[in-house]
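Each remark here refers to the structure printed beneath this line.
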Amino acid sequence: MMRSWRRVRIALVAVAALALAGCGGATVGSSGSGTSGGSGPACGTVNLAINPWVGYEADAAVYSYVAKTKLNCNVVSKDLKEQVAWAGFGTGEVDLILENWGHPDLTKQYITDQKTAVDLGPTGNKGIIGWYVPPWLAQAHPDITDWTNLNKYADQFRTSESGDQGQLLDGDPSYVTNDNALVTNLGLNFKVVQGGSETALIQSFRQAEAQKQFFLAYFYEPQWFFEEMKLVKVNLPPFKEGCAAEGPGVACDYPAYDLNKIASAKWVAAGGPAVELAKKFQWTNDDQNAVARSIAVDKMSPEDAAKKWVDANPDKVNAWLPATS
Amino acid sequence: MATLAQPRARQWRISTSRGVVGVLLAWVVLWIPLHGINTLALASSELTPLHTWLNGLNEAVNANRSTSPFFLYVIDPIRLAIDALVRVIQGLISQPALGRPAPVLGWLGVVAVAGFLSWAFGNVKVGLLTVFGLLFIGLQGLWQEAMDTLALTLAAVLVSLLIGIPLGVWAGLSRRVERAITPGLDFMQTMPTFVYLAPLTLFFLIGPASATIATLIYAVPPVVRITAYGIRSVPATTIEATESLGSTRAQTLTKVLLPMSRRTIVLGINQTIMAALSMVTIAALIDAPGLGKTVIKALQTLDVGTAFNAGLAIVVLAIILDRVTTAAAARADVTRAPSPREHRRRQVLLAVGGVLTVVCMYLSYTYVWASTFPSTEIGIGSAITRFADTVTDWAQTNLSLITAGFKDGITRVVLDSVEALLVQSPWWLTTAAVLALAALLGGLRAVISGAICLALLIATGLWSDAMATLAATIVATAIVMVFGIVVGVWMGRSARADRVTRPVLDAAQVMPAFVYLVPFLALFAASRFTAIVAAIVFAAPVAIKIVADGIRTVPAVTVEAATSAGSSTWQLMTKVQLPMARSALTLATNQGLIYVLSMVVVGGLVGAGALGFDVVAGFSQGTLFGKGLAAGLAIVLLGIMLDRISQAAARRARDAR
């Protein structure tokens, strides 16, 4: 009994000491860290969808940075897959998608039929889709970049997944592909294997380059991975208008995509500085790659990466801003 | 008795295994002339009318969501209630609340409260584990993310228990209810989350409600099942005794059934928490805040180190929650009343601890240093990140040639043959063979469930993909069982092996698959085998744990008798311990199968193709939504079919004994 009371007393003293010791330092909320009162006109809130790839994140980082620092907007980022993000236009939870790759089905559903979304024009980025080989392979066998020579090497491209044909690895199913039709129509002795994710493609390229393996895969630009490894594109028969861009008859390369911005119809109708910025936001593949490189390779935070690029490119940024300011 | 029954059981086993071998031989022989016809193959971009119809479903929801009364009066209130619950918990521990820039409880408060509760409901050991575990996460530099994850997990678990425990009690009291809800529970556990994640945001919008509901769909079944099991295993004589003493039904429930099954129910809660934590990364795809986002972002740049660091924080959270609930279950089980003196001492200590906790809470509410976890330079996060990077780099450069050869060998010899048999056989031949096997192993009931599932599989239009997935599942489960038996026996026989291995198994179960997919891709390329390896990592721990438990329950007397009769260790294992743990082995196989199936979609992300890829594609492209949904259904059907056949087989084996 006595012992335990002594212990209690010691504990109470300890508590008191702790409380006293703790009572130093800043208190929560005292340092006036509320919303930093801006001087410009009110801009409101933008609900910005962040689709899961680094190039998109580069777009979003720069847009957010400019909107926050130059226009005093409140930007709420939401990490979402494309389908979910588009559905957000209908439910009013998403205002803006900054980098859209085609998606004719979603365009029809939300822009044409439901009219909850509108096209805000191109981002200036050119989406290039095609078949790529690792750099060592293009160096060792320069003729491999011509599709007519692919069959000559088909045996070397064999894997446990493609049986006695060469393997063409496809990646994330989010992107458009006609590879099955292409392989058939071009008479290639290859089999399309579904890698299932961008991760699978990039890791396979790294491994193939490190171990000098034959490897052919579906890939796309702009993409941060090009900052790490300069993949070489295989030349398919060039794209011509009318060679059946999609569908079973296709026998030519993919067309270049103009990546575009999609926004909520209601948000655009309401107007405001954030909408104007979204409309004017345009840059090149090199611009995006520079920011993507900062994020993916140099491991900078998206904000720091955006600041670095904005500070280095005042002219481009000023062109997006209202002329008067 | 035992000596009489023995030969009959043996005879039954021999005749069954002869039958199985016969069916398989006949299948292979018939395959030779018949393969390649009636395979019901469907190209990856092709759709059936069913798939197109399912696409329309998605659009219909989309069109009606703002006008339909169902949305206004059913869905919206649910969404608002869950949103409110999550925001309250977030305001408490993770997000700015009450007009302040910080949550109500800062890190010091959370550590103190969690430590105190673990000690009060568990014991001193788990209390310390909680304190050090949480501090470890803080030092990893992930306090904020971990609290976001914890808030969402707690909300999902709370709602799960609110639904699950009453439902479980009801199912425990009535066989009919149990039979009615079991298919629903199977469905919730095996339907891949990717299938319903996008539609969920149409119903419950993008926000905490969708993430919580996605999590609870997966997390409710364990607590329902285990609670029902707990209620049911209260001895009938006890219930009769109380009823004969004049108790009402309500009294029997609250005074006898619930207290007596408390320990089992806590284990159910434990499993529900684990299931909820395993959804962290997937929920991040619809903007659920927390550690899952860190993993997904890191994966975009293949940053294994950062993903591993975040994954490790999830593992630490899981181990804390697991050990605390297990300790709480053990305390619930203690029937011995403590002496008055002990009781008093404990109360005094608890009171002191309580005061200390309140002081910490106050400090963390008021002062910045106790509110935001200090970001120190000695943070261990970067060290863990670098360590994980170094290990992966080393493995990728030095092991990949060996592992690639291994992959090619297994694929060619085992996987390709099983897949050829299943995929290239005409559908009617496969159906006949599967039903014959079901009849031999499980009897009439297994045949009926098998026939229904196979018919529905054909209706999904994805027969060929389903067979490819089934082939990979069979190979993966076989390997899982090899691990299960080898490691499980080792663990069951040695307490030290158990102590060393168990945390590793826990980690393998909770570590998000996304973390180890990158190194696996480097080691085994984008292939079906990589998917199998990922499934083994996830499923083997369960099988191992069940086998180890089975071995341990073999009575010590039996083991001693065998040893004194001169059995060698090998004889002891193969002739005594394994045969006596047979029911554990069948349970391990059953659970191994189900866990392997739950990794089918992850497999689709690394080159497995088939149903997993169909689901992934359906999640990414609107035009393939219907096909993805059908593929999800096909996975559920495969799961139910394998489960029913293996359970019927287990029952039969038990009855024959």
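The values are calculated or read from the model by the stated rules, or taken from the named source; none is laboratory data. Quick caveat, the model's predicted, so the values are computed rather than measured. Quick reminder, even Gly has a Cβ in these numbers, built from the backbone with ideal geometry, and neighbours come from all protein chains shown.
Listing for the model above:
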item: Residues being part of a helix (DSSP H, G or I), modelled with pLDDT of 90 or more and within 14 Å of chain B (Cβ to nearest Cβ) - total across the range A:60-84; result: 2
item: Helices (runs of 4 or more DSSP H) completely within the range B:246-361 that count 2 or more residues being more than 14 Å from chain A (Cβ to nearest Cβ); result: B:262-277, B:304-333
item: Residue within the range B:112-133 that is touching a helix residue (DSSP H, G or I) at 6+ places or on another chain (Cβ under 8 Å), surrounded by 22 or more Cβ atoms within 10 Å (Cβ to Cβ) and over 26 Å from B:TYR362 (Cβ atoms) present; result: no
item: Residue satisfying all of: in the range A:179-199; at pLDDT 90 or above and at the interface with chain B (Cβ under 10 Å from one of its Cβ atoms); nearest to B:VAL606 (Cα to Cα) among these; result: A:VAL193
item: Qualifying positions in the range A:154-178 - free of Cβ contacts under 8 Å to residues at least 40 places away in the same chain and within 9 Å of chain B (Cβ to nearest Cβ); result: A:THR159, A:SER160, A:GLU161, A:GLY163, A:ASP172, A:PRO173
item: Filter result (under 19 Å from the mean Cα position of the chain (by Cα) and more than 18 Å from B:ALA63 (Cβ to Cβ)) within the range A:68-93; result: A:VAL75, A:VAL76, A:SER77, A:LYS78, A:ASP79, A:LEU80, A:LYS81, A:GLU82, A:ALA85
item: Lone qualifier among A:PHE219, A:PHE214 - being crowded, with 19+ Cβ neighbours inside 10 Å and closer than 16 Å to A:ASP253 by Cβ; result: A:PHE219
item: Identity of the residue in the range A:200-222, closer than 25 Å to B:VAL601 by Cβ and away from chain B (no Cβ under 11 Å), that ends up modelled with the lowest pLDDT; result: A:TYR220
item: Within the range B:404-418, tally of residues that are surrounded by 15 or more Cβ atoms within 10 Å (Cβ to Cβ) and either outside any helix (DSSP H, G or I) or away from every other protein chain (no Cβ under 11 Å) (or both); result: 2
item: Residues that are over 21 Å from A:LEU277 (Cβ atoms) and buried (at least 24 other Cβ atoms within 10 Å of the Cβ), drawn from the range A:87-96; result: A:ALA87
item: Residue within the range A:275-284 that is more than 14 Å from A:TYR63 (Cβ to Cβ) and out of contact with any His (no Cβ under 7 Å at 6 or more places or on another chain) present; result: yes
item: Helices (runs of 4 or more DSSP H) contained in the range B:153-235 and holding at least 2 residues crowded, with 24+ Cβ neighbours inside 10 Å; result: B:193-204, B:208-232
item: Every pair of residues 6+ apart whose Cβ atoms lie under 7 Å, when the first sits in the range B:608-621 and is more than 7 Å from every other protein chain (Cβ to nearest Cβ) and free of Cβ contacts under 8 Å to residues at least 40 places away in the same chain while the second is surrounded by fewer than 24 Cβ atoms within 10 Å (Cβ to Cβ) and in a helix (DSSP H, G or I); result: none
item: Selection status of B:VAL596, in contact with a helix residue (DSSP H, G or I) (Cβ under 6 Å, 6 or more places away or on another chain), within 20 Å of B:ILE458 (Cα to Cα) and at pLDDT 90 or above; result: no
item: Selected residue [polar (S, T, N, Q), farther than 12 Å from B:TYR365 by Cβ and more than 28 Å from the chain's Cα centre (by Cα)] from B:GLN95, B:GLN90; result: B:GLN95
item: Hits in the range B:74-92 (condition: crowded, with 17+ Cβ neighbours inside 10 Å and more than 14 Å from every other protein chain (Cβ to nearest Cβ)); result: B:ILE82, B:LEU85, B:VAL86, B:ILE89, B:GLN90, B:LEU92
item: Test: residue in the range B:469-479 that is without any contact (Cβ under 8 Å) to a residue 24 or more places away in the chain, over 17 Å from B:PRO426 (Cα atoms) and under 20 Å from the mean Cα position of the chain (by Cα); result: yes
item: Qualifying residue in the range A:131-153 (condition: within 13 Å of another protein chain (Cβ to nearest Cβ), at pLDDT 90 or above and more than 30 Å from A:ASP59 (Cα to Cα)); result: no
item: Residue ranges of helices (runs of 4 or more DSSP H) in the range B:454-569 with at least 2 members touching a Ser or Thr at 6+ places or on another chain (Cβ under 7 Å) and at pLDDT below 90; result: B:513-524
item: Residues of the range A:119-143 satisfying the condition of being aliphatic (A, V, I, L, M) and in contact with a strand residue (DSSP E or B) (Cβ under 6 Å, 6 or more places away or on another chain); result: A:LEU120, A:ILE128, A:ILE129, A:VAL133, A:ALA138
item: Flag if A:LYS280 is charged (D, E, K, R), under 20 Å from the mean Cα position of the chain (by Cα), more than 24 Å from A:GLN139 (Cα to Cα) and not assigned by TED's automatic domain parsing to the domain that holds A:GLY171; result: yes
item: Yes/no for B:PRO222 being more than 12 Å from chain A (Cβ to nearest Cβ) and farther than 18 Å from B:ALA284 by Cβ; result: yes
